[in-house]
Amino acid sequence: MGKVLYRLSGCILVATPSLQYDFRYIHRIYQHFMDLWMDNPNPLLDKDMSEVTQVIDAISPMLKNLFRGKYRIKWGEIGLEASSFRRNQDVDTNIRRRPGQRTDAILSLRNQLGQELLICEISGPPYDNDLEHFGGDKLKIQKGLRDILNLIAQRAENGDINIFMRLKIYGLQIYGWKAYLYAMDIPHHNLYRFEQVASFRIPQSPEDLLWLPAAIHVLLSLRVWIDQTAEDLEKLYRSSCIWVFGILAAVENH
């Protein structure tokens, strides 16, 4: 493990600026898990580990070091803005008064109205093996992603439909020591496509070291995909503004 960290340190020094970020991220993840594994006892092997402890020790470090700058990530049963927006549109007063969907973590943009791009659910303590909780959280992710896409459609009602149809929003579900990555888009009118696009195992001990490269590969891919979504979202909102300005110009010319 020490040799791996030494080689990563060398890669950071000689890499181009665009790759240095990736190498630093990889180095941090290897270092973080190595520090956990060297503890005696190893905290990741605690059979009584709670959901919150798993987030603090294993999940949060992988995500907070991945998304920086224009992104913001919040933890702890956060209300989903897109879900609240849907409820507020309902004609039933009782439904409007209900709080929006509560989500374990939300990744959003710091600008663009704080647009939500990724939601995360931790499906119970890691050693509980609660399949009912897993199924309920997966359905919760589906509903949340659908609400997010619907809110984007509302905000960019007059935007370029081709840009909107290639837009993807993501969900991450942690069940035990395995992570499932989902994506949702609307490739055709009123057709919501929800699919699992990747998965990886979260290593608990040095014996699981071979799982780490695959996990990092998925996480770095996720960042690329989220960056693409943010870029497409900016283009979509810009196309919507162009349409509005065009209408205003036409009105002024008459």
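The values are calculated or read from the model by the stated rules, or taken from the named source; none is laboratory data. Here the structure is a predicted model, which means the values were calculated and not measured. Note that we place each Cβ from the backbone using ideal geometry, even for glycine, and neighbour counts take in every protein chain shown.
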Test result for L19, modelled with pLDDT of 90 or more and under 23 Å from L219 (Cα atoms): no
Any hit, the stretch 93-109, residues being farther than 18 Å from Q54 by Cβ, surrounded by 14 or more Cβ atoms within 10 Å (Cβ to Cβ), at pLDDT 90 or above and not hydrophobic (A, V, I, L, M, F, W, C): yes
Unique residue being within 18 Å of P61 (Cα to Cα), assigned by TED's automatic domain parsing to the domain that holds E51 and of a type in the set (A, V, I, L, M, F, W, C) when the list is A198, A183, A214: A214
The stretch 131-156, residues that are farther than 18 Å from S240 by Cβ, surrounded by 15 or more Cβ atoms within 10 Å (Cβ to Cβ) and more than 17 Å from the chain's Cα centre (by Cα): H133, F134
Within the stretch 110-125, considering residues that are buried (at least 18 other Cβ atoms within 10 Å of the Cβ) and polar (S, T, N, Q), the one farthest from R68 (Cα to Cα): S123
The stretch 129-146 residues that are in contact (Cβ under 8 Å) with a residue 60 or more places away in the chain, paired with ones that are of a type outside the set (D, E) (beta carbon under 6 Å, 6 or more apart): G144/L80; G144/Q101; G144/I119
Any pair with Cβ under 7 angstrom, 6 or more apart, that starts in the stretch 47-60 at a residue that is outside the structural domain of F33 (by TED's automatic domain parsing) and ends at one that is among the small types (G, A, S): E51/G124
Residues of the stretch 185-202 satisfying the condition of being surrounded by 19 or more Cβ atoms within 10 Å (Cβ to Cβ) and free of Cβ contacts under 8 Å to residues at least 24 places away in the same chain: F200
